[in-house]
Amino acid sequence: MIAAIIRRAILLGIPLLYGSTGEIVTEKSGHLNLGIPGIMYVGGISGVIGAFLYEQACGNNVENMNAVLAILIPFLCSVVGSMLMGLIYSFLTVTLRANQNVTGLALTTFGIGIGNFFGGSLIKLTNSEMPSIVLTKTSGFYSVTLPFADDLGWFGEIFLSHEFLTYLAVIVALVVSFVLNRTRVGLNLRAVGENPATADAAGINVTKYKYLATCIGSAIAGLGGLQYVMVYTDGVWSNDAFGDRGWLAIALVIFALWKPTMAIFGSFLFGALCNIHNYIDGLGVATQELFKMLPYVVTVSVLVITSMRKKREHQPPESLGLPYFREER
Amino acid sequence: MPTAAIELKNITKTFGSVVANKDVCLTVNRGEILSILGENGSGKTTLMNMISGIYFPDEGQIFINGEEATIASPKDAFDYKIGMIHQHFKLVDVFTAAENIVLGINDGKYNLKRSTGEIRKICEKYGFELDLSKKVYTMSVSEKQTVEIVKVLYRGADILILDEPTAVLTPQETQKLFAVLRRMRDTGKAIIIITHKLHEVLSLSDRVAVLRKGEYVGTVETATTNESELTEMMVGHKVALNIERAEPVDPKPRLEVHHINCSNREGVKMLDDVSFTANAGEILGIAGIAGSGQRELLEAIAGLQKVDSGAVLYSNPKTGKMDNLTTKTPLQIRELGVRLSFVPEDRLGMGLVGNMDIVDNMMLRSYRKGKSMFLERKGPKDLAEHIIEELEVVTPSAATPVRRLSGGNVQKVLVGREIAASPTVLMAAYPVRGLDINSSYTIYNLLNEQKACGVAVIFVGEDLDVLLELCDRIMVIGSGRITGVVDGRTATKEQIGLLMTKTDGGEPNA
């Protein structure tokens, strides 16, 4: 029972982990990307489009589908889709120095609009009775798990029973953490986010770092959308079903104090908190909503505690949200 | 004959119509410390910025090690092994010293441990005391400066430029820095230090180059010169400006400052036991090197700066009583008629809101007077139009955002607004900075009019010629202390120049 709850919490937490790892990369370059919900949504629908086209091309027959292609095509589509969103964001905020908050919020609205537009169009193409697209065949490939996990009892269920996107999320978070803290690229990136003028004076290409961090961060975040569609909902896309996961991912960045390793545990905790209402008996519709509030309550508490402790390492990058222009004094 | 590390030939740099450097020729040799001496705005920093690649000279040549060099960016300067330590440190606060030092250098595989070892060697060689794993935000100013110096050395610089390195240091820290600089000189590095402290020049450098108003005055051997010769080279001869100056009418003490002390946020003392009296119907000039505490002094009077100890007494002409301003809020002080038309480095910074139009900026001072819940626009509008007409502000209309006006017009708007409130004390800091001759005279006339009306005017200026012609008395401030008060009618530039560079109270030669 407990193992099942933990497994479920991890499953729910993975989109958040992708989202917040991506956002951490972006924020480390000094850009607060509030477009993450939209980017994750686009990441999801891009994967759906890729999967849909591949399934169509194979005549909707699992026999004709190649496992590698069935995974690779939606995966790449998702990465490209969300990267394009990141490119829009970085062009506006880095090159044109537009206000980051406004741009991010606009991008969220835009991304959800795009997602719903293509989602609606695909639903129409399938002539389905239901307002959703069903991609169970592709989802089947994404949901492959280690065959021997079931034989290992609770250990297997907690640690080995997951889909590859789950392990990938943890690996990506660990890699990002390593890059940020142990490599020259990471040092340069952190310098850009903390004090772009200093980084510039040290000969670091600030614009390049900002662009790359935003686009790579967006690609990582977009995978969260892909995991949601292909694994969590078993390949069923319905418009607006993604909910507030994007905002939770941004909250998780604050909760994790801009550390990807913290985000791993934070995402599992958030996953558990999001799900806790299902395990408590006798909750009405109204009281369930109160429980769904928990991740935000935890985030606010973390903010309050870290603000009170005033430890500089726990603060956001110093120039987060500020545009950088060399000639400005 | 030592080898010349850098030779500048006829360097000229202009910003718009302002000539920052004109025909400057300089030579720095290896194993030598050269001081560059000059007043504020004499072009010292501009010149050094050209060597370090921040600006590009309009005319002239730079030779490095005897070969002509083009330095178009900080990276070029770095390639020529030139390292500049700016007055404002370029460090990442949450990084450790070591991380800051290796930032941006690509020397093979990233290995902080190995780099730390190399940095430690440099520290030992020159005698720096530095904890490399310490985070910058926990460091003192002097430690940060050490990080900056080690940073340029780690990058292999053998020509070092330090822009006013002692401005932020305590005397002990300064001595330590000088010891390190001498050691670097002895290892054959060329060092240029920008300063305006005469005693440092004399104790540290081998030669001194003097700049005055962008022009190169000359270079002298430190061993053969003395303080008064350098002062004369620095301030030059008096220039007549013909600013009218009426005899003060019935001067009475209006503002008495008693022994005030102030510290800035880092806890560095900015004002040290400052006492003086400002009289009504008189212009009191304040002269001093930039950053000697002028800003803090004015802000302390206006109630914007916390005073650690001491009192600011205001003789209220209405009640005839003395009020202690240090116990009042800025708003109460304003109501008494103490007006600060502060023109800080950034003109719009403290007085006006750039995106608001002239009328709205007038309203910033009067919105509390309205009786209904809606804003009263009529009065401010009339005032704005009055100022535009009286002071000949060049603007398309009163509804133009202040940000779009030229510097002189912005200043006219600001000073005009403060004068319109019929103040009893008017403080103006650098009100003519960046203005052309005509606008400057308009401002001088405004100040003179206020003086004639019996206002106590405090004028912080940087041009000694102006101070000498405009002010009745000139108070000189150096490192937060009053180093002297002279009569504006009889004082000489050399006298003020010496007082400005005198730092340790009575001893100029400390």
Potential extension, residue A:116-residue A:146 segment - 0.36 nm per residue separation minus Cα distance
7.4 nm
Accessible-area loss of at least 50 Å² (1.4 Å probe, chain alone to full protein assembly) applies in the range A:286-326 to A:312, A:313
Taking only Cα atoms of the protein assembly as shown, the Rg to Rh ratio with Kirkwood Rh works out at 1.06
Kindly express, to the nearest 10 degrees and within the range 0 to 90, the angle between helix A:260-275's C-alpha long axis and the longest C-alpha principal axis of chain A.
50
Which three numbers, in whole Å and largest first, are the semi-axes of the equivalent ellipsoid of the range B:253-500 derived from its Cα gyration tensor as √(5λ)?
29, 21, 17
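If you scale each eigenvalue of the Cα gyration tensor by 5 and take the root, what three semi-axes come out for the range A:241-329, rounded to whole angstrom and sorted largest first?
32, 15, 12
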Taking only Cα atoms of the range A:2-328, the Rg to Rh ratio with Kirkwood Rh works out at 0.98
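Ignoring ligands, DNA and RNA, what percent of the accessible area of the range B:253-500 is carbon or sulfur (1.4 Å)?
Exposed carbon and sulfur together represent 51 percent of the surface.
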About its Cα centre, how strong a charge dipole does chain B have in debye, to the nearest 20, once Lys and Arg get +1 and Asp and Glu get -1 at the Cβ?
1500
Anything over 28 Å Cα to Cα? Flag those among B:213/B:451; A:28/B:113; A:137/A:259; A:28/B:121; A:210/A:259; A:208/B:75, in the order listed.
B:213/B:451; A:137/A:259; A:28/B:121
Taking only C-alpha pairs under 8 Å that are 6+ residues apart, what is the relative contact order of chain A in percent?
37
Using alpha-carbon coordinates, inclination of helix A:245-255 to the longest axis of chain A, degrees
40
Using the Karplus curve 6.51 cos²θ - 1.76 cosθ + 1.60 with θ = phi - 60°, work out ³J(HN,Hα) for each residue of the range B:60-69 in order, rounded to whole Hz, and write x for Gly and Pro.
x, 10, 10, 10, 10, 6, x, 10, 5, 10
Whole-Å semi-axes of the range A:177-318's equivalent ellipsoid, largest first, each the root of 5 times a Cα gyration tensor eigenvalue?
34, 20, 11
Inter-site label distance for residue B:79 and residue B:438 at 7 Å from Cα along Cβ, in nm
4.7
Placing +1 on the Cβ of each Lys and Arg and -1 on the Cβ of each Asp and Glu in the range B:253-500, which of B:440, B:430, B:322 has its Cα farthest towards the positive end of the resulting dipole?
B:322
For the range B:200-275, using Cα atoms only, the Rg and Dmax in Å read 19.8, 52
Would you kindly derive the ³J(HN,Hα) couplings of the range A:107-123 from the backbone phi angles with the Karplus curve 6.51 cos²θ - 1.76 cosθ + 1.60 (θ = phi - 60°), listing them in order in whole Hz, with x for Gly and Pro?
5, 5, 4, 4, x, 5, x, 4, x, 5, 5, 6, x, x, 4, 5, 4
Only bridges with both residues in chain B count here: give the DSSP antiparallel percent, nearest 5.
55
R0 of 25 Å, Cβ-Cβ distance residue A:318-residue A:101: FRET efficiency to nearest 0.05:
0.90
Taking chain A as a Gaussian network, where each spring joins two C-alpha atoms under 10 Å apart, which residue of A:286, A:169, A:213 fluctuates the most?
A:286
Would you please give the residues with an amide H less than 5 Å from that of residue B:27, counting only those at least 5 places away or on a separate chain, with H modeled from the backbone geometry?
B:8
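Loop only by DSSP, 13 or fewer other Cβ within 10 Å of the Cβ. Give me the GluC sites (Glu not before Pro) in the range B:263-313 that pass, ordered by residue number.
B:266
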Normalised radius of gyration for the range A:17-165, please: alpha carbon Rg relative to 2.2 N^0.38 Å, two decimal places.
1.23
Between residue A:76 and residue B:394, with labels modelled 7 Å along Cα→Cβ, what's the label distance in nm to one decimal, could you check?
6.2
Obtain the nm distance between the two label points defined at residue B:140 and residue B:182 by a simple spin-label model: each point lies 7 Å from its Cα along the Cα-to-C-beta direction.
2.1
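Nothing charged except the Cβ atoms of Lys and Arg (+1) and of Asp and Glu (-1): what's the magnitude of the dipole of chain A about its Cα centre? Round to the nearest 20 debye. Before the final figure, lay out the partial values.
Numbers: 20 positive and 20 negative charges, 238 e Å.
Here chain A has a charge dipole of around 1140 debye.
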Using a 1.4 angstrom probe and counting only protein chains, how large is the accessible area of residue B:444 in Å², to 10?
10
Taking only protein heavy atoms and a 1.4 Å probe, what accessible area per residue, in Å², does the protein assembly as shown have with all protein chains in place?
44
Distance between the range B:258-311 and the range A:113-189 - C-alpha centres, whole angstrom
64
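Go ahead and run the numbers for FRET between residue A:8 and residue A:185, Cβ-Cβ distance against an R0 of 45 Å, rounding to 0.05. Please list the in-between numbers first.
On the way: r = 36 Å, r/R0 = 0.80.
For residue A:8 and residue A:185, the calculated efficiency is 0.80.
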Projected area averaged over all directions for the convex hull of the alpha carbon atoms of the range B:139-188, nm², comes out at 3.4
Which whole number gives the average, over all residues in A:194-207, of C-beta atoms from other chains lying within 10 Å of the residue C-beta?
5
Convert 20 °C to kelvin, take the viscosity as 1.002 mPa s, use the Kirkwood radius over C-alpha pairs of chain B as Rh, and evaluate the Stokes-Einstein diffusion coefficient in µm²/s, rounded to a whole number.
86
Can you list the GluC sites (Glu not before Pro) in the range B:174-244 that are in a DSSP coil and have 14 or fewer other beta carbons within 10 angstrom?
B:244
For the range A:87-181, state which trypsin sites (Lys or Arg not before Pro) are in a DSSP loop and have at most 16 other beta carbons lying within 10 Å of their beta carbon.
A:97
³J(HN,Hα), Karplus 6.51/-1.76/1.60, whole Hz, each residue of the range B:199-210, x for Gly, Pro
5, 5, 4, 5, 7, 9, 8, 8, 9, 10, 10, 10
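The values are calculated or read from the model by the stated rules, or taken from the named source; none is laboratory data. Everything quoted here is computed from the prediction, not taken from an experiment. So basically every Cβ, Gly included, is an ideal-geometry build from the backbone, and we count neighbours across all protein chains shown. Only protein heavy atoms, including side chains, enter the accessible area calculation; ligands, DNA and RNA are left aside. Shrake-Rupley method; radii C 1.70, N 1.55, O 1.52, S 1.80 Å.
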